[in-house]
Amino acid sequence: MINKDHPRYQSLLYREKIVEAHKNGILADSGMIAHGRGETFDYLIGEKTTDNSKNTIEVAACYFLTRKRPVLSVNGNTTALVSEDIAELSKKLDIPVEINLYYRTPERIKNIEAVYEKLGVKEILGTDDDDFIDTPDLNGPRSPVSIEGINKADLIFIPLEDGDRAEKLAALKKDIVNVDLNPLSRTAITSTVTIVDNIVRAMPLLIEYVNKYSECDKDILLEKIKNYDNRKNLDNAIHDIIKRFE
Ligand code: ATP
Ligand code: MG
């Protein structure tokens, strides 16, 4: 039981969720370490969504609303922290959730599938019943992607993703939106849009912007996309961290 007065209450609460997901067979051992790396960067950005990241989340919403076939690629960490938000976004946009795991086991796939089934997600891809094709030049169990999902998608959401996979998906000339607290990671650098924020704060805001712009003229959304520069976004994120040391 975490004391609510603890200054790191929120952070400890999410740590508890991570531990629970590990116990429930959703998160691999290394997922706990990845979370720790995220915590470090969250500490550095001040554990709040910066103005720069709010703007990036707005642009990410514009991408979701202007692309034909977006897919939400989820792993253990994303599921542990924001499965409800993922389900909400999937339902709102009527887009599939595709499970992709670095350390894929049939049990973990089943456990994650059960989470999204319970939350009412209609199309869950990447399960063992799916038809797969390999991601070019990517080895290991995370290489196969669903033929109906990521393979055909024009926009892939890959929060908390490893750089290898991000690079290979970006090489397919699909738009990539990701959430990564580390603005220096390869995932951050190779994506089309990198939201440098904690996924627990970014997802509700993303949903808010999707709601806000869902009836908006497409040309206005495309104009916001045109004016966006991911390199500049990452520079801003790095400068926001540097400012905290001054
Ligand atoms: P890369 O492989 O892209 O160069 P990496 O090896 O650091 O970087 P991984 O550990 O493979 O990346 O992937 C996890 C990434 O997710 C880390 O960059 C980490 O900062 C980030 N991360 C972890 N937890 C969160 C979170 N709650 N919100 C946002 N990002 C997170
Ligand atoms: Mg990595």
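No value in this document is a laboratory result; all are computed from the given coordinates. Fair warning: this is a prediction, and the values are worked out from it, not measured in the lab. We place every Cβ from the backbone using ideal geometry, glycine too, and count neighbours over all the protein chains shown.
Condition check ((1) under 20 Å from residue 184 (Cα atoms); (2) surrounded by fewer than 21 Cβ atoms within 10 Å (Cβ to Cβ); (3) small (Gly, Ala, Ser)) across all residues:
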{"position": "16", "(1), (2), (3)": "no, yes, no"}
{"position": "25", "(1), (2), (3)": "no, yes, yes"}
{"position": "43", "(1), (2), (3)": "yes, yes, no"}
{"position": "48", "(1), (2), (3)": "yes, yes, no"}
{"position": "55", "(1), (2), (3)": "yes, yes, no"}
{"position": "62", "(1), (2), (3)": "no, no, no"}
{"position": "70", "(1), (2), (3)": "no, no, no"}
Result of the Cβ filter at 9 Å on region 51-80, keeping first residues that are part of a strand (DSSP E or B) and partners that are of a type in the set (Ser, Thr, Tyr), at least 6 apart or interchain, is 70/63; 71/146; 72/78; 72/90; 74/83; 74/116
Taking region 124-143 and keeping residues within 20 Å of the chain's Cα centre (by Cα), closer than 19 Å to residue 26 by Cα and not polar (S, T, N, Q) leaves 124, 125, 126, 141, 142
Considering region 169-189, residues that are assigned to a helix (DSSP H, G or I) and surrounded by 19 or more Cβ atoms within 10 Å (Cβ to Cβ), and then whichever is nearest to ligand 1 (Cβ to nearest atom), we arrive at 187
Picked from region 82-108 (must be of a type in the set (Asp, Glu) and not in a helix (DSSP H, G or I)), the residue nearest to residue 138 (Cα to Cα) is 98
### Message
Any residue that is within 17 Å of residue 99 (Cα to Cα) and within 16 Å of ligand 2 (Cβ to nearest atom) - is there at least one of those in region 124-138?
### Response
yes
Sole miss for residue 194 among (1) surrounded by 24 or more Cβ atoms within 10 Å (Cβ to Cβ); (2) among the hydroxyl-bearing types (Ser, Thr, Tyr); (3) in a helix (DSSP H, G or I) is condition (3)
Filtering region 197-229 down to residues that are part of a loop (DSSP other than H, G, I, E, B) and of a type in the set (D, E, K, R) yields 197, 215, 217, 229
Counting only residues that are within 13 Å of ligand 2 (Cβ to nearest atom) and either in contact with a strand residue (DSSP E or B) (Cβ under 8 Å, 6 or more places away or on another chain) or farther than 19 Å from residue 82 by Cα (or both), region 155-181 contains a total of 11
Expected output for region 178-199 (first residue on the phi > 0 side of the Ramachandran plot, partner within 15 Å of ligand 2 (Cβ to nearest atom), Cβ below 6 Å, 6+ apart or cross-chain) is none
